Amino acid sequence: MFRYISRRIIMMIPVLLGVVFVIFTILYFSPGDPARTILGVTATEQEVQMLSEELGLNDPYGVQLFRYLKDLLRGDMGRSYKNNKSVSAEILQRFPTTLLLATLSILFAAVIAIVAGIISAIKQYSVFDNIVTGFSLLGISIPNFWLGLMLIILVSLHWRLLPASGFYGPRYWILPLITNGVGYMAGIMRITRSSMLEVIRQDYIRTARAKGQREIVVILKHALRNAIIPIITLIGLQFGRALGGAVLIETVFAIPGLGKYLVDSISAKDIPVIQGGVLFLAFLFGVVNLCVDILYGFFDPRISSQYRRKKEKAVKMHAKQAN
Amino acid sequence: MDEKILEIENLAVEYRTDDGVVKAVNGLDLTLEKGGTLGLVGETGAGKTTTALSIMRLLPDPQGVITSGSIKFAGQDILSLSKGELRKMRGQHISMVFQDPMTSLNPILTVGDQIAEAIRLHEKISRAEAAVRAQSMLERVGIPPNRYSEYPHQFSGGMKQRVVIAIALACNPQLLIADEPTTALDVTIQAQVLALMNKLKNDFETSMIIITHDLGVVAEMCDRVAILYCGEIVEYGSLEDIFDHPEHPYTKGLFSSIPDLDTRASRLTPIPGLAPDPSRLPKGCKFANRCSMKRPECVKTDPPVVNLDDLHRVKCLLAQGKDAEQHATLG
Ligand SMILES: Nc1ncnc2c1ncn2[C@@H]1O[C@H](COP(=O)(O)OP(=O)(O)OP(=O)(O)O)[C@@H](O)[C@H]1O
Ligand SMILES: [Mg+2]
């Protein structure tokens, strides 16, 4: 397993290099003059030329790409064209907030959704099941910024229970977390329900009951563990996406997260920020995917044994060669 | 042999589906003596699995419903047991080997753990002791115990079937229901599994119900045979009764539809037609539409059960008048 993980980590390097190459190339050849963007329309042609020279923007493509990669190795993603702040520092400063919001929302959504999805599946067509199904339909169709605004109007303005903006402590987390979580919850509920419905019809569930096993153990040990793969896959996808920041939620609740920072950089054509942001998101996705794959192996022996067999084969090959 | 381990009276089971009510079992009577082996024979859809699941109280919930009748196991009414009592019964007193071994094992648990689970549910022993017991069960069904921690996908079909049997026998049940234990297997493995079950029957003195549509399996394993058609027992008797003196036209039909080695010339004569749709059963004899000896009365009234002797009974109008009293006067 350790070898598998380290191999997966090493495999991430070419992927990230590819991302750097693609995003750098696209932005390099996209129209617009960065120096002009920085200085504004009032600057003279000469000033623009000087700044271009200073920033190395007149160098050939290859030289610039190489320089970017070299800086990247030192953790330097350049400086924002807009305010001259270090991109990596800005990203790292915002990331904890985004990470916190993403983790809380996903946890909140997953715990409730998985429990509700399981009950809904074992009590198919019951009142509870209908409520869950109805809720997930609503949750998927309600735009989350609208939900956020409604919550602010009701909970913050009308009832004055919770603060409407900022992200400074648990009291501030609740509304964004609900707003963000409802959509995730709806998705996880649906997939938990359908996956569980499929698994509890399987013969091996009946076998477990025929042994005299308790119903709760049948559901959690025998059924859920078999139904969990699609659930983990969805949660992984959602989490990866959530780590990129939730622009609308950050805007509605004035949360200083990654999402708004990155989206603003696009409209401002702030190339170093766009590059750094995309690269950072690609890195996060890679990490999340890796975690999901490790979890697959943990939950499904067919996946890990596939790998174990490969390893055994490799060991045997080695032994043969040594002889 | 006189003590009854299982008594089923007038059992009726239906499946309530969106497309209608499927009457899978209709007034079934069956008894099994302690230590005996009963063969439950019938074509596909006859209600064999449904009967077995009713005994285990494992009918699919909520579609499968027992609408009438009683099932007594060792004198105790199974249909009135609480959930907790049912759990105690399942696996410990009554076990079942399910029809399809390929899907009956949990793919994400090791085969050893799945056997040990059954043991630990009914006996207060440690994990380690259960593992040792499970390993000896594996050995008993002819699987090397060092394969304890492998997963079902690493096993062949025949080996999975053995694991399923090992699970069922792990707690020495008094009654084993084996639902087509050999249909999924090729002939050589089939013979091995049967030999194994025979051996286990002798070792543990287990009573068995063997569900099959293979009359060869019945001849080899059973001392009682029940022929099931459309959820009813059309004929019941000892192995000799059924094989040598079949009375019901359906039973006779079953025997003429297997190729006979002695008279090679005789061709396979399958029973023509199809069994009626279980959601729209006819009023009279359910076999009438396929019966070569049909009389006009057959479609009008449900035929009575005729006791030919203490054991042998048949549900057919034609058998009327051949009943036990007449036998008695003749004898
Ligand atoms: N879950 C279910 N829902 C609806 N109908 C069912 C269900 N299970 C079985 N049936 C129906 O009940 C009848 C009896 O089925 P059962 O499985 O008991 O047959 P069987 O004798 O075991 O057949 P086979 O030899 O094919 O295993 C069939 O008509 C079948 O279509
Ligand atoms: Mg069946």
> Alpha carbon centre of region B:58-137 versus region A:111-134: separation in Å?
Replying inline: 27 Å
>> Quick check: from the Cα gyration tensor, does chain A come out rounded (a/c under 1.5), prolate or oblate?
In response: oblate
> Loop-only check: which trypsin sites (Lys or Arg not before Pro) in region A:1-78 are DSSP coil with at most 10 other Cβ within 10 angstrom?
Replying inline: A:R74
> What is the order of A:K211, B:K300, A:K221, B:K160, fewest Cβ neighbours within 10 Å to most?
Replying inline: B:K300, A:K221, B:K160, A:K211
> Most exposed first by the Cβ proxy, i.e. fewest other Cβ within 10 Å, how do A:W173, A:W146, A:W159 rank?
Replying inline: A:W159, A:W146, A:W173
>> For peptide B:96-109, what's the mean number of Cβ atoms from other chains within 10 Å of each residue's Cβ?
In response: 5
>> Using only Cα atoms and rounding to the nearest 10 degrees, what angle (0 to 90) does helix A:258-267 make with the longest principal axis of chain A?
In response: 40 degrees
> Once every DSSP H run of n ≥ 4 in chain A is given -39500 (n - 2.57) and the sum is divided by its residues, what mean residue ellipticity at 222 nm do you get, rounded to the nearest 500 deg cm²/dmol?
Replying inline: -25500 deg cm²/dmol
> Given the options B:V97, B:V218, B:V65, which has the most mean-square fluctuation in a GNM of chain B, springs set between C-alpha atoms less than 10 angstrom apart?
Replying inline: B:V65
>> Quick check: the distance between the Cα centres of region A:26-104 and region A:166-189, to the nearest angstrom?
In response: 33 Å
> Among the listed pairs B:K4/B:K48; B:K48/B:K83; B:K201/B:K294; B:K4/B:K124; B:K283/B:K322, which are separated by more than 32 Å between their Cα atoms?
Replying inline: B:K201/B:K294
> By how many degrees, between 0 and 90 and to the nearest 10, does the Cα long axis of helix A:2-29 differ from the longest principal axis of chain A?
Replying inline: 40 degrees
> So what's the angle, to the nearest 10 degrees on a 0 to 90 scale, between helix A:271-299 and the longest Cα principal axis of chain A?
Replying inline: 20 degrees
> Most exposed first by the Cβ proxy, i.e. fewest other Cβ within 10 Å, how do B:L109, A:L137, B:L169 rank?
Replying inline: A:L137, B:L109, B:L169
> So what's the net charge close to B:F287: Lys and Arg +1, Asp and Glu -1, counting the other residues with Cβ under 10 Å from its Cβ?
Replying inline: +3
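All of the numbers you see were taken from the coordinates with simple rules; none came from a lab. This one's a predicted model, so the numbers in the text were calculated from it and none came from an experiment. Heads up, the Cβs are rebuilt from the backbone with ideal geometry, glycines too, and the neighbour counts pull from every protein chain shown.
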